[in-house]
Amino acid sequence: MRLVILGGGGFRVPLVHRALLADRTPGRVTELVLHDVDRARLDAVGTVLAERAEGVPDAPTVTATTDLDEALRGADFVFSAIRVGGLAGRAADEGVARAEGVLGQETVGAGGIAYALRTVPVAVDIARRVAALAPEAWVINFTNPAGVVTEAMSRHLGERVIGICDSPVGLARRTARALDVDLDAARPDYVGLNHLGWLRGLHVDGEDLLPRLLADTGRLESFEEGRLFGADWLRTLGAIPNEYLHYYYFTREAVASGASRGAFLLEQQRKFYDDPSFASWDRTRLEREATYMAETREDERDSGDLDGGGYEQVALALVHAIANDRRTTLILNVPNGSTLSVLDERAIVEVPSAVDATGARPLAVSPLDDHAAALVTSVKAVDRAILDAAAGGARADAIKAFALHPLVDSVGVARRLLDGYRAHHPELAYLS
């Protein structure tokens with residue numbers, strides 16, 4: 001089976017390769033193709049992969065190319081993990097937002113909108129190339145902001161593009177651990193959009209164990225989200241939010257932290273790419289994970305919480321379910337259909353989905369409460385304004401996207417944000 005990774009020079013690619021090396025499932029990936037526009041980054045990642053594969057029997061062959069069409073031909077699966085503008089672009093996103101006193105996080109608020117506006121046109125071009133050169137391939141989208149990017153690609157690939165994120169399963173795993181239950185034996189009730197979802201229940205043998213957890217402050221605050229939001233607020237919500245909801249519930253605190261994750265990662269990863277090796281990559285990876293969302297915590301991240309969702313494991317489970325018709329349930333970004341009544345059928349939502357050889361289909365969920373529905377519909381309206389701006393190049397649509405977002409508080413700020421981002425990002429020259 002031929003797997004293509006777009007953004008193949010990205011820092012997290014060795015995680016996918018590690019999962020492939022450990023995989024002994026029939027029908028596994030035998031050919032890995034890395035594509036990136038930066039040859040030096042491809043070579044650096046290739047060094048790590050070669051070191052890791054040494055002595056591993058039947059390791060997938062690895063090739064690298066800067067030619068997109070060459071990479072896509074013959075693909076069975078395509079992982080899209082691109083970063084338009086690189087980490088320097090992320091750092092600029094944060095800086096422009098900070099200057100206006102609003103949140104610059106790369107997937108939430110102003111920073112996420114800027115990232116999406118420069119990423120969606122590239123993702124659409126990729127989707128068109130996949131449709132032309134590998135029409136039978138399945139595209140698994142890792143690229144952030146995953147919800148809007150997946151929706152943009154779905155307009156050209158239909159249901160053959162599926163978005164994934166490891167945050168929901170990481171949340172479910174930590175919740176199950178706090179309850180001393182095996183997540184494999186549990187059914188998480190999770191619903192929302194990418195980076196905007198809530199765990200509303202954890203069912204084992206027909207019983208929802210979440211109320212038991214919410215009533216136990218010690219257990220509830222024993223893991224990341226419990227400490228992040230606090231037991232009282234979680235009991236008020238009656239659910240456990242995705243960690244990214246911290247930016248919505250504690251906006252002033254997040255803005256005041258002034259953290260610049262992009263600048264930190266840019267410098268941190270520069271050291272690896274300048275002198276690549278597995279040891280250097282692994283040290284950098286551990287530091288990256290330990291400092292993830294550090295601006296939301298007052299102390300160091302607990303070692304038990306470093307075991308996130310494992311996006312490479314989610315992706316591999318999805319690949320095997322489709323390739324080997326192995327029915328499973330995963331929390332994925334898929335077309336809504338009739339799942340959430342507050343959204344239209346084409347909207348990409350993040351919900352438990354049944355997967356087999358025919359693809360992924362959202363499972364029925366109970367309705368959103370008023371609070372969640374309001375946030376979901378507001379952010380989906382922003383997604384749609386982004387898609388309109390990317391398709392038509394209209395400045396007005398881009399301003400609309402910024403102005404409608406719950407974390408941007410003024411049309412005037414929206415206009416200044418767009419001007420600031422256009423000054424930093426040549427990729428946004430199309431907006432006029």
- prompt: Of Asp274, Asp397, Asp189, which is the most mobile in a GNM of the chain whose springs link Cα atoms less than 10 angstrom apart?
  reply: Asp274
query: Among the helices of the chain (complete DSSP H runs), which have Cα atoms covering no less than 24 Å along the helix axis and a Kyte-Doolittle mean of at least -0.5?
result: 110-133, 370-392
message: Please report the carbon-and-sulfur percent of the accessible area for the chain; probe 1.4 Å, protein heavy atoms only, DNA, RNA and ligands left out.
response: 49
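Measuring with a 1.4 Å probe in the full set of protein chains, what accessible area per residue, in whole Å², belongs to the chain? Kindly include the intermediate steps, with their values, before the conclusion.
Numbers: 17200 Å² over 432 residues.
Ligands and nucleic acids excluded, the result is 40 Å² per residue.
Can you compute the helix-only [θ] at 222 nm over the chain? Use -39500 (n - 2.57) per DSSP H run of at least 4 residues, normalise by all residues, nearest 500 deg cm²/dmol.
Details: 19 runs with 212 residues, N = 432.
Rounded to the nearest 500, the figure is -15000 deg cm²/dmol.
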task: List, largest first, the extents of the alpha carbons of the chain along their principal axes, each in whole Å.
output: 55, 52, 42
statement: Under the rule rounded for a/c under 1.5, else prolate if a/b exceeds b/c, else oblate, using alpha carbon gyration tensor axes a ≥ b ≥ c, region 381-432 is classed as oblate
query: What figure in square angstrom, to the nearest 10, would you give for the accessible area of Glu207 with a 1.4 Å probe?
result: 90
- request: Please go through region 1-49 and write out the trypsin sites (Lys or Arg not before Pro) that DSSP classes as loop and that have at most 10 other C-beta atoms within 10 Å.
  value: Arg24
task: Specify the residue with the greatest mean-square fluctuation among Val120, Val78, Val56, computed from a Gaussian network of the chain linking alpha-carbon atoms under 10 Å apart.
output: Val56
- request: Take the Cα atoms of region 191-272, find their three principal axes, and give me the spread along each one in whole Å, biggest first.
  value: 49, 28, 26
- request: For region 51-78 and region 354-394, compute the distance between their C-alpha centroids and round to whole Å.
  value: 33
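The values are calculated or read from the model by the stated rules, or taken from the named source; none is laboratory data. Not measured: the values here are computed from a predicted model. Methodologically, a virtual Cβ is constructed for each residue, glycine included, from the backbone with ideal geometry; neighbour enumeration extends over all protein chains shown. For accessibility, only protein heavy atoms count, side chains too; no ligands or nucleic acids. Shrake-Rupley method; radii C 1.70, N 1.55, O 1.52, S 1.80 Å.
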